[in-house]
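Peer 1: Quick one: this structure, given as structure tokens, is what I'll be asking you about.
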Amino acid sequence: MTADIRWALIGASTIADEWMVDAIHSQPGAEIATVVSGSAQRAHEFATKHGIAAHSTDLDAVLADPSISAVYISSTNEKHLPQALAAAKAGKHVLCEKPLALTESEAAQIIDACASHKVRLGTNHHLRCAATHRKMRELIREGAVGTPLFVRVFHAVSLPPHLRGWRIEQPDAGGGVMLDISVHDIDTLRFLLDDEPVEVSAMASSGTMSSAGLADGVMAIVRFRGGALAQLHDAFTVPFASTGLEVHGTSGSLIATDVMTQRPIGEITLRTASGTQSIDIEHRNLYRTGVADFHRAITEGQSPAATGIDGYRSLVAALSLVQSAETGRHVTVPSRFAQ
Ligand code: NDP
């Protein structure tokens, strides 16, 4: 039987290895046809490990295969643009890792290419697929906290040793904590608050883990159009902090612990005048949820969990943080595509 959606993986990456191969394999009617890498040996090892029938170093040849309908791009960030453009031109649906690209104009090019070739574009912002964040969004929309006034994000972690490569050493690959972690925070807050960042201010630290001058820690403030202020604390360098997210509104506070993570874990408490209530969560795998949503985007025309525009909007806010940290000024976030 032929699979409904045959995928090509572009990038023999850690995220594909640890999460996304499983996420794609778990979907009914999905098949990973091949993996493309810059190294024949890495492609071979990756394909063998995951039982993928084919592997290649020739992206053009893979994209020329009409039986492949979708690509998942998880290469280093500077490759997202050329690979996404090539895939769109070949008529393949594109699920691309975050950050969608390195610059505002690159991200816009990807959106335009996918639109003009009529293929779906998703950005793999996994946190909005977490049952915890989806529950918090629902509660906020129902008015559980009243008007959100302040948000605090705790996302300072210790970058695992096997990931201490291009992220901390290669500015050209789009490394640094703000394009790696803050971009996820911003996407999550855009999702939770249904709002857009308009202005940011950031101070970054460097040199604890990165010797290439890249930011390995940041504290930032983000102003949202609706008036909420968010505080972000993101780092690669903190071994013993826990993650979390708090939303404080006019009539309630949501306190979520262990929720800025790849794993389906975390707890949520709601505090209001009625008291403190623990919120029930049915945890599920974030990446499987994201791929399931992307499959429905292809087969049923619904929106991916995070669209290309979500990737664009979260990227431009993260780039604004970088600019603020570099210049010492508040930075206005570009407003293109802000709904
Ligand atoms: P990796 O460093 O594991 O992989 C990136 C690229 O590096 C691979 O495509 C591969 O190139 C190359 N590579 C992998 N292993 C080796 C090795 N041992 N020696 C030399 N080169 C190697 O990166 P990540 O998986 O951490 O990140 C990939 C992308 O996914 C990034 O865009 C990142 O931002 C994003 N990401 C997203 C996450 C999410 O939860 N949404 C989480 C983590 C990352 P080649 O393909 O040519 O073989």
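The values are calculated or read from the model by the stated rules, or taken from the named source; none is laboratory data. Quantities reported herein were computed from a predicted structural model and do not represent experimental measurements. Ideal geometry is used to build each Cβ from the backbone, glycine not excepted, and the neighbour counts take in all protein chains shown.
Peer 1: How about the stretch 1-23: which of its residues are closer than 14 Å to Ile68 by Cα and away from the ligand (no atom under 13 Å from the Cβ)?
Peer 2: Step one: of the stretch 1-23, the residues closer than 14 Å to Ile68 by Cα are 2-10.
Those that are closer than 14 Å to Ile68 by Cα and away from the ligand (no atom under 13 Å from the Cβ): Thr2, Ala3, Asp4, Ile5, Arg6, Trp7.
Peer 1: Looking at Gly275, Gly252, Gly328, Gly301, which is the one that is crowded, with 17+ Cβ neighbours inside 10 Å and either at positive phi or not hydrophobic (A, V, I, L, M, F, W, C) (or both)?
Peer 2: Numbers: Gly275 fails: crowded, with 17+ Cβ neighbours inside 10 Å; Gly328 fails: crowded, with 17+ Cβ neighbours inside 10 Å; Gly301 fails: crowded, with 17+ Cβ neighbours inside 10 Å.
After ruling out the rest, the residue left standing is Gly252.
Peer 1: Could you say whether any residue in the stretch 180-190 is assigned to a loop (DSSP other than H, G, I, E, B) and farther than 14 Å from Gly226 by Cβ? Give the derivation first.
Peer 2: First, pick out the residues of the stretch 180-190 that are assigned to a loop (DSSP other than H, G, I, E, B): none.
So far as the stretch 180-190 goes, no, none of its residues is assigned to a loop (DSSP other than H, G, I, E, B) and farther than 14 Å from Gly226 by Cβ.
Peer 1: Please work out which residue is nearest to the ligand (Cβ to nearest atom), limiting yourself to the stretch 48-98 and to residues that are part of a loop (DSSP other than H, G, I, E, B), on the phi < 0 side of the Ramachandran plot and free of Cβ contacts under 8 Å to residues at least 60 places away in the same chain. Write out each step before concluding.
Peer 2: Kept after step one, since they are part of a loop (DSSP other than H, G, I, E, B), are these residues of the stretch 48-98: 51-53, 57-58, 64-69, 74-76, 90-92, 97-98.
Now narrow it down to the ones that are on the phi < 0 side of the Ramachandran plot: 52-53, 57-58, 64-69, 74-76, 90, 92, 97-98.
Narrowing the set further to residues that are free of Cβ contacts under 8 Å to residues at least 60 places away in the same chain leaves 52-53, 57-58, 64-66, 90.
Working: Ile52: 13, Ala53: 18, Thr57: 8, Asp58: 12, Ala64: 19, Asp65: 18, Pro66: 23, Ala90: 18 Å.
Here the residue is Thr57.
Peer 1: Of these, Gly146, Gly175, which one is modelled with pLDDT under 95 and not in a helix (DSSP H, G or I)? Spell out the reasoning first.
Peer 2: Details: Gly146 fails: modelled with pLDDT under 95.
Residue meeting the stated conditions: Gly175.
Peer 1: Would you point out which residue out of Ala107, Ala86 is in the same structural domain as Ile15 (by TED's automatic domain parsing) and under 19 Å from Gly175 (Cβ atoms)? Steps first, answer last, please.
Peer 2: Values: Ala86 fails: under 19 Å from Gly175 (Cβ atoms).
That would be Ala107, the only listed residue that is in the same structural domain as Ile15 (by TED's automatic domain parsing) and under 19 Å from Gly175 (Cβ atoms).
Peer 1: Next question, about the same structure. Of the residues Arg329, Arg271, which is within 26 Å of Thr147 (Cβ to Cβ), among the basic types (Lys, Arg), out of contact with any helix residue (DSSP H, G or I) (no Cβ under 7 Å at 6 or more places or on another chain) and outside any helix (DSSP H, G or I)? Full working, then the answer.
Peer 2: On the way: Arg329 fails: within 26 Å of Thr147 (Cβ to Cβ).
Exactly one residue qualifies, and that residue is Arg271.
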